[in-house]
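Encoded as structure tokens, the structure appears first; notes follow it.
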Protein chains: 2
Amino acid sequence: MQPSQLSALGRRVDFPAIARLMNAAFERPGVLSLAAGFTDNRTLPLAEVAEAARELALAGDASVLQYGANQGNTALRAAVAARLVAMDGGNPCGIDASRVMITNGSQQALHLAASLLCDPGDIVLVETPTYFVFLEVLKGLGIRAVPMPAGPSGEPDLAGLGNLIDALRASGELARVRLVYLVSYHSNPSSRSLSLEEKAGLGRLLKAALPTVAVLEDAAYRELGYDGGGGACSVFAMPEWDGGPRLVLGTFTKTYATGLKVGWAACDDDLLLGRMLHYKGHQDFGTSAYAQALVQHAVRSGAFDRRLELLRSTYARKCGILDAALRREGLERAGWSWERASGGLYLWLAGPAGLDTGFDGPLFAAAMREGVLYVPGELCVATAGRDNRVRLSFGVLDGAELEDGARRFARAALSV
Amino acid sequence: MQPSQLSALGRRVDFPAIARLMNAAFERPGVLSLAAGFTDNRTLPLAEVAEAARELALAGDASVLQYGANQGNTALRAAVAARLVAMDGGNPCGIDASRVMITNGSQQALHLAASLLCDPGDIVLVETPTYFVFLEVLKGLGIRAVPMPAGPSGEPDLAGLGNLIDALRASGELARVRLVYLVSYHSNPSSRSLSLEEKAGLGRLLKAALPTVAVLEDAAYRELGYDGGGGACSVFAMPEWDGGPRLVLGTFTKTYATGLKVGWAACDDDLLLGRMLHYKGHQDFGTSAYAQALVQHAVRSGAFDRRLELLRSTYARKCGILDAALRREGLERAGWSWERASGGLYLWLAGPAGLDTGFDGPLFAAAMREGVLYVPGELCVATAGRDNRVRLSFGVLDGAELEDGARRFARAALSV
């Protein structure tokens, strides 16, 4: 068939950059990937999940293998709400099981929210940098991602944001802004968390200009802080964000069993949550009830909390290995800079000014020659253009392989 | 928030009729449901899935709990293709693993295909009656479902279809027809299968008028024919459907383990398949790898084929119970007629002419008083309006409960 036979959406959706990276890895089997945002296979609870399956079978309730409710497993939704409220230290929005829905990873919630809040041409304000897969979702839907300015350490630049708002107002586009997207805990890609003060400042400024704008807080990495704390409270507990619908997303794919693909969204607005549920009903009328039952079993038994402890210490240790290896290889002396992460799976490195880290630039070619993959920074920035930064992940590799990956990356970086 | 803050899609997506039925069931616990298209809990392989989980754990390959490829488990895709080709008795379209994608039930494939082929206002030609959840998907997307006429026994009315095509041509709308949707094996709701001749006749007529129109064959119930055969070959093996992209969908939710939510789509057109994969990447970048591994384990071990035998004999038996009970209660003498199913989960009954079986009609009220639920025929017909038919499912109930459900339905039917 011809592209002209596709819908406008069909003509727009494109080969994702993530697939390009994955293909590069598949085509060269010896390559070490510091690109993939995968979790560490050695931390995945294969035996534990089998034991949960055995216990579900012994319990004999076959409804875990039946269709479930579109909104998801009630006990799991209640547990998600309780954990969220406990981390927030309060519940002014009244989040409970009725305001949580289970999704196919948090990715589905991102797609649902963007689809239901924005028409093609509408604007989503995103951080600089931001989660690159969401940028591709927006592009596919024809929605414009507009970056909010950031300061030299990645902190929100409120003066710059004020100027951006003024410019949008002047061009008559301010009303097209329908959503603010924050990856506020151990961000993918920057590993940075927004402090309570920074998040409050953003809320005050944005709500003054856009009183009813929706906010979507992507908390995928919130429980992967190495200190075990939940960090700043979510937008649910911040009066600075009152006035428009609030969504907070999370997932068990990073914090428990990746391949079960169970995520969640909580929403304080019944209209928006209802529409997200309707549209999910059209897409699949419910996430795998069995996958949900396995996760719920782990949450109830305490296996989830024990796994979380293991993951935090594993990723803290691996972060240290990658960070130390890069410094040992002399990357800083060559003009690179970065901060050691305090949670999550990533280091976000800035190369020398003017370096092009993109697919067609010299660093990527050198890295492919050395046999190491990274995520180019330009993918993570809403305004296309040359970028001198890279995302390195310590999710997959460990020990000697991780050190080898760091050496290869450093050799590539020092050669350009 | 206000509806005006939603996207056009967000304003359109509506409370699904299926949810109304499910709520009616939840609100009245004693009610017997002949409405739900659920499978029989007693047939679900709870112990078998736990044993598969144990074997996956013993094998020790943690990648089954990792992210998988967006397109799905390669071995499972190869098995799907091989089964399809075997049932078709030939493979002129070259269907293999590369042309199969795994989806969250076949429902996701329905949503992807409609989204990528049709803009709001475009037309999908559907059978009369057709799968009512797909009608709701189309309505949500702003796509018009136009029913193809059927004869008195549900057979395609080719003369009527010719007139419909002429009318669409005359009104300038023929080019808006982007997709033909066929539920051609033991259809939900009618239990009817299209014969090879009927499907060929539709292909010839439609392809003469619309040479490049896409066809989507929903084969969810194909392997649930009680005689164990795959019926007529799919559109892949029919030259009458040459010229436009062809999609065939299926699912393991009806034929193996419902709650794993694993379905599939096969497509002979690389552009369309590619765009469906891109859009799936935006929605979830891959169905649960663990759920796929469990299904793949069952297919490889032969457990799936053994289960299929059990399901066929179970549903054949239950079909017989419901059919006999309805006849014993005198429904035929009261002007009702139907055919006993030869596969699938449904009986499709026509009541006396002029009877309104809808939610607000006398039969539904009587059925609620008797404590039995059914699916009103009007939900299954693209042109809204009074309908005298009902879908009864023998998926969930069995034995005395199924007979009791039949008695309650008959009492309601005889009272109006």
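How large is the dipole of the range B:176-303 about the Cα centre if only Lys and Arg carry +1 and Asp and Glu carry -1, each at its Cβ, rounded to the nearest 20 debye?
300
Counting other C-beta atoms within 10 Å, and keeping those with at most 16, which DSSP coil GluC sites (Glu not before Pro) do you find in the range A:326-409? Don't skip to the end; give the middle numbers.
Details: sites: A:329, A:332, A:339, A:370, A:378, A:401, A:403; in loops: A:329, A:332, A:339.
Passing both the DSSP loop test and the Cβ count: A:332, A:339.
Ignore the peptide's own chain and count Cβ atoms of other chains within 10 Å of each Cβ in A:284-296; give me the average, rounded.
6
What accessible area, in Å² to the nearest ten, does a 1.4 Å probe give for residue B:360?
Approximately 140 Å² of residue B:360 is accessible to the 1.4 Å probe.
As a test of reading the structure, rank A:185, A:226 by solvent-accessible area (1.4 Å probe, protein chains only), most first.
Descending order: A:226, A:185.
What does the accessible area of residue B:128 come to, in Å² to the nearest 10, when a probe of 1.4 Å is used?
My reading of the accessible area for residue B:128 is about 30 Å².
What share of the DSSP beta bridges in the protein assembly as shown is antiparallel, in percent to the nearest 5? Display every interim value, and only then the final one.
Numbers: 40 of 76 bridges.
DSSP beta bridges in the protein assembly as shown are roughly 55 percent antiparallel.
Of B:49, B:299, which has the most accessible area and how do the rest follow, probe 1.4 Å? Before the final figure, lay out the partial values.
Details: B:49 0, B:299 25 Å².
Final ranking, largest accessible area leading: B:299, B:49.
Taking the Cα centre of the range B:125-196 as origin, work out the dipole magnitude from +1 charges on Lys and Arg Cβ and -1 charges on Asp and Glu Cβ, in debye rounded to 20.
Charge dipole of the range B:125-196: 220 debye, to the nearest 20.
Please identify the chymotrypsin sites (Phe, Trp or Tyr not before Pro) of the range A:129-166 that satisfy two criteria: DSSP loop assignment and at most 13 other Cβ atoms within 10 Å. Which are they?
none
Given the rotation relating A and B, tell me which residue in A puts its Cβ closest to the axis and the distance in Å.
Taking the axis that maps A onto B, the answer comes out as A:53, 2.
For residue A:32, enumerate residues with amide H under 5 Å from its amide H, sequence gap 5+ or separate chain, H modeled in the peptide plane.
For residue A:32, the qualifying residues are A:372, A:373.
What gaps in nm, shortest first, separate residue A:90 from its twins in the other copies when you place the label 7 Å past Cα toward the beta carbon?
Nearest to farthest, the other copies are at 7.2 nm.
Determine the order of B:276, A:368 by accessible area, beginning with the largest, at a probe radius of 1.4 Å.
A:368, B:276
Would you mind counting up the charge near residue B:54? Only other residues with Cβ under 11 Å from its Cβ, with Lys and Arg at +1 and Asp and Glu at -1.
Around residue B:54, the charge tally is -3.
Please average, across the residues of A:66-79, the number of beta carbons from any other chain that are within 10 Å of each residue's own beta carbon, and give a whole number.
Neighbouring Cβ atoms belonging to other protein chains average 2 per residue here.
Taking N as the number of residues in the protein assembly as shown, what value does Rg over Cα atoms divided by 2.2 N^0.38 Å take? Don't skip to the answer; put the middle values down first.
On the way: Rg = 27.3 Å, N = 832, 2.2 N^0.38 = 28.3 Å.
That works out to 0.96 for the protein assembly as shown.
What number, rounded to the nearest 500 deg cm²/dmol, is the helix-based mean residue ellipticity at 222 nm of the protein assembly as shown, given -39500 (n - 2.57) per DSSP H run of at least four residues and division by all its residues? Walk me through the numbers before you get to the answer.
Numbers: 26 runs with 346 residues, N = 832.
The helix contribution divided over the protein assembly as shown gives -13500 deg cm²/dmol.
Go through the range A:1-23 and flag every residue whose accessible area shrinks by 50 Å² or more with all protein chains in place compared to the isolated chain (probe 1.4 Å).
A:1, A:5, A:6, A:7, A:9, A:13
With θ set to phi - 60°, apply the Karplus curve 6.51 cos²θ - 1.76 cosθ + 1.60 along the range A:299-311 and write out the HN-Hα couplings as whole Hz, x wherever there is a Gly or Pro.
The phi angles translate into 5, 5, 7, x, 4, 4, 5, 5, 5, 4, 4, 4, 5 Hz.
Could you pull out every residue, at least 5 positions away or on a different chain, whose amide H is within less than 5 Å of the one on residue B:69? Hs are placed 1.01 Å off N in the peptide plane, and Pro or chain starts have none.
none
List the distances, in nm and shortest first, from the label point of residue A:270 to the matching label points in every other copy, placing each point 7 Å from Cα along the Cα-to-Cβ direction.
Copy-to-copy label distances at residue A:270, shortest first: 5.2 nm.
Positive end of the charge dipole of the protein assembly as shown (Lys, Arg +1 and Asp, Glu -1 on Cβ, about the Cα centre): tell me which of A:377, B:147, A:311 has its Cα farthest that way.
A:311
Can you give the relative contact order of the range A:27-163 as a percent, counting alpha carbon pairs under 8 Å and 6+ residues apart?
Relative contact order here is 14 percent.
Hey, what's the protein assembly as shown come to in accessible area per residue, 1.4 Å probe, Å²?
With the other protein chains kept in place, the protein assembly as shown gives 33 Å² per residue.
Taking amide H positions as placed in the peptide plane 1.01 Å from N, state which residues far from residue B:177 in sequence (5 or more) or on other chains have amide H under 5 Å from it.
Residues meeting the amide H criterion: B:123.
Round to the nearest 10 and report in Å² the accessible area of residue A:227, as given by a 1.4 Å probe over the protein chains' heavy atoms.
Number for this one is 130 Å².
List, shortest first and in nm to one decimal, how far the label point of residue A:175 (7 Å from Cα along Cα→Cβ) is from its counterparts in the other copies.
3.3
Tell me, what HN-Hα J-couplings in whole Hz come from the Karplus equation 6.51 cos²θ - 1.76 cosθ + 1.60 at θ = phi - 60° for each residue of the range A:198-206, using x for Gly and Pro?
Values per residue, Gly and Pro as x: 5, 5, 5, x, 4, x, 4, 5, 5 Hz.
May I ask you to evaluate 6.51 cos²θ - 1.76 cosθ + 1.60, the Karplus curve with θ = phi - 60°, for each residue of the range A:82-95 and list the ³J(HN,Hα) values in order in whole Hz, giving x for glycine and proline?
Computed from phi, the couplings for the range A:82-95 are 5, 5, 5, 5, 5, 5, 6, x, x, 8, x, 8, x, 6 Hz.
Within the set of other residues whose C-beta is less than 10 Å from the C-beta of residue B:410, count the net charge using Lys and Arg as +1 and Asp and Glu as -1.
Around residue B:410, the surrounding residues sum to +3.
Only Lys, Arg, Asp and Glu count, each charged at its Cβ (+1, +1, -1, -1), so figure out the dipole size of chain B about its Cα centre, rounded to 20 debye.
480
The values are calculated or read from the model by the stated rules, or taken from the named source; none is laboratory data. Nothing here was measured: the structure is a model prediction, and the numbers come from that model. With ideal geometry, Cβ positions are generated from the backbone for all residues, glycine too; neighbour counts draw on all protein chains shown. These accessible areas exclude ligands, DNA and RNA; they are computed on the full protein's heavy atoms, side chains included. Shrake-Rupley method; radii C 1.70, N 1.55, O 1.52, S 1.80 Å.
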